[in-house]
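Q: Pasting in a structure now, in structure tokens, and then I'll have a few things to ask.
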2 protein chains.
Amino acid sequence: MQPQGVKVNTISLMLGHPDPTTLLTPEFQAAVGRAMASPRVALSYGAEPGNVALIEYLTGKINREQGLALKADQMMIVAGSTHAVDMVARLYTRQGESVVVESPTYADTLHIFRDHGVELHGVPMDDGGMIVTEFEATLKRLAVGGNPAKVFYTIPTFHNPTGRTLAEDRRREIVRLAREYGVTIVEDDVYRDLAYDAPAPVSFFALAEGIDVLQIGSFSKTLAPGLRLGWVIGSADAIAGFVGCGTTQMGGGASPLSAQIVAEYAAPGDWERHVDGLRELYQMRRDTLLGALERFMPDGVSWTMPKGGFFVWVTLPPTVYGKDVKRRAAERGVALAAGEGYFIHAADGAHNLRLTYSFAPPEDIVRAVGILGEVIRELA
Amino acid sequence: MQPQGVKVNTISLMLGHPDPTTLLTPEFQAAVGRAMASPRVALSYGAEPGNVALIEYLTGKINREQGLALKADQMMIVAGSTHAVDMVARLYTRQGESVVVESPTYADTLHIFRDHGVELHGVPMDDGGMIVTEFEATLKRLAVGGNPAKVFYTIPTFHNPTGRTLAEDRRREIVRLAREYGVTIVEDDVYRDLAYDAPAPVSFFALAEGIDVLQIGSFSKTLAPGLRLGWVIGSADAIAGFVGCGTTQMGGGASPLSAQIVAEYAAPGDWERHVDGLRELYQMRRDTLLGALERFMPDGVSWTMPKGGFFVWVTLPPTVYGKDVKRRAAERGVALAAGEGYFIHAADGAHNLRLTYSFAPPEDIVRAVGILGEVIRELA
């Protein structure tokens, strides 16, 4: 089965997925076998907060890496970051309330918040990430207007779709403003472990000492999306709220089978070694994509320089439309995402593309960018 | 790890779980191995409607067994029935709208609907299942009151918590009334395959020829809850609605790893053979529980006679409270569910207990019911 949206022989610069050749390793296969030795954990309803061993492992890792002192009751295992975003939308907002996001932001998050009927407000970015003065102006405007922001959803580190990373001084300012305006920060941090040039900056969660911040992590980018497995950290009260949801109570802990497999896989250090390998792999892929853009893009095209994650954000000349590039590129066997889907107002992304370097092998990346260069030249 | 709520040495007549000794079989273990041979299906994001092979298998089985002609686009694989109920609550109701349920009904479904802020209305049952005249009166009252019922959520077959099965003539009447009042029937049918005495009655879905009915199935009762895997069938339009949810779009198909394992397991007939074995096992367990109730219950206690599923519903004398029985039984090492949680108005279940026979071995069931008899005698 081909991943959706990818035709046979099409090169995908569209999918924000791990390289499919990395999904199954001998160590992972061995962990699957070990998980089967505990059928009452792997195959039964799990405790609502999730697999106990996995929570112990993950809180330990996060405490070490982010300088935190999380206790077990500050984490819930979730069925991918989707599950966490959906619970946030349900528990932290009511219909018609205001949610602030970066502009652009992750398309499917916009979709989930829209399903919950909230009002979305976007704050523009520059190369240093979201612009703090614009953030402050938005919070002020919403507060004055009587529908103050409840949630700020952000992907501060190796942002999807732009690949940008929010500068550390901006993070401090944003924490201060969020406190002032009573906004919960939801830090979607699923790319944190994929830092290629330097360690990822300090997290919102660490800066705010966990107060009014929820941080979401996932195994979808650094292990396998098919596991449907991630986590969310927050105050013990916040986690108790998620655990008390009807869906949690009915379904039990998230993905017990996957969670036990990953608990077995992570315990001896196999996952962290795997991530080390992915960092090397994707760093090279990123360099390949950036090199190819340098070589093949016509004048008037610019792009971001991601220090981690999966994405490069391309800005086209004002006469060239992302949708046209997407369509023509598809005809020539290159899949990519046009910018429009990542904005609250689609037109704001009319001249942008999102390219990924995680999925396609390097020679395909170079070939695809060559085709893309031709397409843009034709349209310019 | 003990399942939540069960202390060491406690006998559980509380958990509606499969017997834990049935969870892992050699055939299942072999299917896990085969699934690993398709990492791009098992470990990647899946197509949004779910695993293609599993949909093909399940629609074939359901068409054969329920006399239907489902096409692939009429099914979505879900992360357990929880996922389906949650999507129904989201897409078929808005805050404050009316949902009708049997009284009593599955406690966690009440919880999910409450999370979505709907108004719940219960319709009483007798031994033939929900009482149709009461259903009609409720629909009429809600329509006249200006907040007509949008959804009727029902567990018609081997009902949780009562073990009752809705009579076939009542099903026909209910379909007629639901049409008349424009109500979508949500048929939670997760116990259908666990029919011990005779085949399960015709489904709502079959009676209504799939029009305005959603039917939910699950692998949690007949294979392993830890898979987080189930399905929902409906019209192609209804399924497209679920597939179009933000959560589906973001997370991809439900539980790809579990789905591929089960697709491999079910294809050669191993799951259906497993269910044959479960039917024999649980039929004996049911007979053990009913025999023990006959032997140990004092006068004034009555109970239902389930023809399938996991549950027996006990009605205590009017002077004996389920909560007291639950507490005293727990002190003597017997876990069970008091009736209150299964009602919109807890007091309606003050004199009821739900007992399960799926989880505990037969000698434990007999011992537990003996203890229960003593407790009730003391409290009477």
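The values are calculated or read from the model by the stated rules, or taken from the named source; none is laboratory data. Source: prediction; values computed, not measured. So basically every Cβ, Gly included, is an ideal-geometry build from the backbone, and we count neighbours across all protein chains shown.
Q: Identify all residues within segment B:257-281 that are farther than 16 Å from B:ALA30 by Cβ and β-branched (Val, Ile, Thr); write none if there are none.
A: Result: B:VAL275, single match.
Q: For the condition buried (at least 22 other Cβ atoms within 10 Å of the Cβ), assigned by TED's automatic domain parsing to the domain that holds A:PHE219, in contact with a Leu (Cβ under 6 Å, 6 or more places away or on another chain) and under 27 Å from A:PRO18 (Cα atoms), what is the one hit in A:GLY129, A:GLY163? Break it down into steps so the answer makes sense when it comes.
A: On the way: A:GLY163 fails: in contact with a Leu (Cβ under 6 Å, 6 or more places away or on another chain).
Testing whether each residue is buried (at least 22 other Cβ atoms within 10 Å of the Cβ), assigned by TED's automatic domain parsing to the domain that holds A:PHE219, in contact with a Leu (Cβ under 6 Å, 6 or more places away or on another chain) and under 27 Å from A:PRO18 (Cα atoms) leaves just A:GLY129.
Q: Scan segment B:136-169 residue by residue and report those that are on the phi < 0 side of the Ramachandran plot and in contact with a Gly (Cβ under 6 Å, 6 or more places away or on another chain). Please lay out each step first, then the result.
A: If we filter segment B:136-169 for residues that are on the phi < 0 side of the Ramachandran plot, which is where we start, we get B:136-145, B:147-157, B:159-162, B:164-169.
B:ARG164, B:LEU166, B:ALA167, listed by residue number.
Q: What residue, of B:GLU102, B:GLU134, B:GLU97, B:GLU119, is more than 10 Å from chain A (Cβ to nearest Cβ) and in contact with a Pro (Cβ under 6 Å, 6 or more places away or on another chain)? Walk me through it before giving the result.
A: Working: B:GLU102 fails: in contact with a Pro (Cβ under 6 Å, 6 or more places away or on another chain); B:GLU97 fails: in contact with a Pro (Cβ under 6 Å, 6 or more places away or on another chain); B:GLU119 fails: in contact with a Pro (Cβ under 6 Å, 6 or more places away or on another chain).
Going through B:GLU102, B:GLU134, B:GLU97, B:GLU119 in turn, the sole match is B:GLU134.
Q: Just to confirm my filter: which helices (runs of 4 or more DSSP H) fall fully inside segment A:177-256 and include at least 3 residues that are modelled with pLDDT of 95 or more, farther than 30 Å from A:LEU24 by Cβ and not assigned by TED's automatic domain parsing to the domain that holds A:GLY308?
A: Details: elements: A:204-207, A:236-243, A:246-251.
Here the list reads A:204-207, A:236-243.
Q: Here are some conditions: (1) assigned to a loop (DSSP other than H, G, I, E, B); (2) of a type outside the set (Lys, Arg); (3) buried (at least 20 other Cβ atoms within 10 Å of the Cβ); (4) at pLDDT 95 or above. B:ALA69 meets all but one. Which one does it not meet?
A: (3)
A quick yes/no check of all residues on (1) free of Cβ contacts under 8 Å to residues at least 60 places away in the same chain; (2) surrounded by 17 or more Cβ atoms within 10 Å (Cβ to Cβ):
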| site | (1), (2) |
| --- | --- |
| A:ALA107 | no, yes |
| A:GLY117 | yes, no |
| A:GLU136 | yes, yes |
| A:ARG141 | yes, no |
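Q: How many residues are part of a helix (DSSP H, G or I) and surrounded by fewer than 22 Cβ atoms within 10 Å (Cβ to Cβ) when one looks only at segment B:166-176?
A: At the first step, the residues of segment B:166-176 found to be part of a helix (DSSP H, G or I) are B:168-176.
Within this subset, residues satisfying the condition of being surrounded by fewer than 22 Cβ atoms within 10 Å (Cβ to Cβ) are B:168-170, B:172-173, B:175-176.
So the answer is 7.
Q: Restricting the search to segment B:243-296, which residues are crowded, with 19+ Cβ neighbours inside 10 Å, more than 22 Å from B:ALA198 (Cα to Cα) and either within 22 Å of the chain's Cα centre (by Cα) or of a type in the set (Gly, Ala, Ser) (or both)?
A: Those that are crowded, with 19+ Cβ neighbours inside 10 Å, more than 22 Å from B:ALA198 (Cα to Cα) and either within 22 Å of the chain's Cα centre (by Cα) or of a type in the set (Gly, Ala, Ser) (or both): B:GLY246, B:GLY251, B:GLY252, B:GLY253, B:ALA254, B:SER255, B:SER258, B:ALA259, B:VAL262, B:ALA263, B:ALA266, B:ALA292.
Q: When residues of segment B:191-242 are filtered for being within 14 Å of another protein chain (Cβ to nearest Cβ) and crowded, with 20+ Cβ neighbours inside 10 Å, how many remain?
A: Residues of segment B:191-242 within 14 Å of another protein chain (Cβ to nearest Cβ): B:216, B:218-230, B:241-242.
Still in the list and also crowded, with 20+ Cβ neighbours inside 10 Å: B:216, B:218-230, B:242.
Final tally of qualifying residues: 15.
Q: Take segment A:16-30 and flag every residue that is of a type in the set (A, V, I, L, M, F, W, C) and either surrounded by 15 or more Cβ atoms within 10 Å (Cβ to Cβ) or at the interface with chain B (Cβ under 8 Å from one of its Cβ atoms) (or both).
A: Residues of segment A:16-30 of a type in the set (A, V, I, L, M, F, W, C): A:23-24, A:28, A:30.
Passing the criteria: A:LEU23, A:LEU24, A:PHE28.
Q: Taking segment A:72-93, which residues are assigned to a helix (DSSP H, G or I), more than 11 Å from A:VAL232 (Cβ to Cβ) and among the hydroxyl-bearing types (Ser, Thr, Tyr)?
A: Scanning segment A:72-93 gives A:THR82, A:TYR92.
Q: Moving to a separate point now. Being touching an Asp or Glu at 6+ places or on another chain (Cβ under 7 Å) and assigned to a strand (DSSP E or B) is the filter here, so list the residues in segment A:123-152 that pass it.
A: Let us first name the residues in segment A:123-152 that are touching an Asp or Glu at 6+ places or on another chain (Cβ under 7 Å), namely A:123-125, A:130, A:132, A:147, A:150.
Residues satisfying the conditions are A:VAL123, A:PRO124, A:MET125, A:MET130, A:LYS150.
Q: Check B:ALA53, B:ALA79, B:ALA84, B:ALA72 and return the single one that is touching a residue at least 60 places away in the same chain (Cβ under 8 Å), in the same structural domain as B:PRO161 (by TED's automatic domain parsing) and in contact with a helix residue (DSSP H, G or I) (Cβ under 6 Å, 6 or more places away or on another chain).
A: Among B:ALA53, B:ALA79, B:ALA84, B:ALA72, only B:ALA53 is touching a residue at least 60 places away in the same chain (Cβ under 8 Å), in the same structural domain as B:PRO161 (by TED's automatic domain parsing) and in contact with a helix residue (DSSP H, G or I) (Cβ under 6 Å, 6 or more places away or on another chain).
Q: Is it true that B:SER81 is surrounded by 23 or more Cβ atoms within 10 Å (Cβ to Cβ) and at the interface with chain A (Cβ under 9 Å from one of its Cβ atoms)? It would help to see each step written out before you state the result.
A: Values: surrounded by 23 or more Cβ atoms within 10 Å (Cβ to Cβ): yes; at the interface with chain A (Cβ under 9 Å from one of its Cβ atoms): yes.
Yes: the conditions hold for B:SER81.
Q: Here's something else I'd like to know. Give B:GLY33, B:GLY60, B:GLY46 a once-over and let me know the one that is touching a Pro at 6+ places or on another chain (Cβ under 9 Å) and either within 14 Å of chain A (Cβ to nearest Cβ) or in a helix (DSSP H, G or I) (or both). Let's see the steps before the verdict.
A: Values: B:GLY33 fails: touching a Pro at 6+ places or on another chain (Cβ under 9 Å); B:GLY60 fails: touching a Pro at 6+ places or on another chain (Cβ under 9 Å).
Step by step, each of B:GLY33, B:GLY60, B:GLY46 is checked, and only B:GLY46 is touching a Pro at 6+ places or on another chain (Cβ under 9 Å) and either within 14 Å of chain A (Cβ to nearest Cβ) or in a helix (DSSP H, G or I) (or both).
Q: Another question about this same structure. Restrict the check to segment A:105-117 and report whether at least one residue is in a loop (DSSP other than H, G, I, E, B), at pLDDT 95 or above, more than 18 Å from the chain's Cα centre (by Cα) and within 28 Å of B:GLY252 (Cα to Cα). Step through it out loud before you land on a result.
A: Of the residues in segment A:105-117, the ones in a loop (DSSP other than H, G, I, E, B) are A:105-106, A:116-117.
Retained after the next criterion (residues that are at pLDDT 95 or above): A:105-106.
Next, only the ones that are more than 18 Å from the chain's Cα centre (by Cα) stay: none.
No; the residues of segment A:105-117 include none that is in a loop (DSSP other than H, G, I, E, B), at pLDDT 95 or above, more than 18 Å from the chain's Cα centre (by Cα) and within 28 Å of B:GLY252 (Cα to Cα).
Q: Is it the case, given these coordinates, that A:VAL101 is in contact with a Leu (Cβ under 8 Å, 6 or more places away or on another chain), assigned by TED's automatic domain parsing to the domain that holds A:GLN249 and not in a loop (DSSP other than H, G, I, E, B)?
A: Values: in contact with a Leu (Cβ under 8 Å, 6 or more places away or on another chain): yes; assigned by TED's automatic domain parsing to the domain that holds A:GLN249: yes; not in a loop (DSSP other than H, G, I, E, B): yes.
Yes; evaluated as a whole, the condition is true for this residue.
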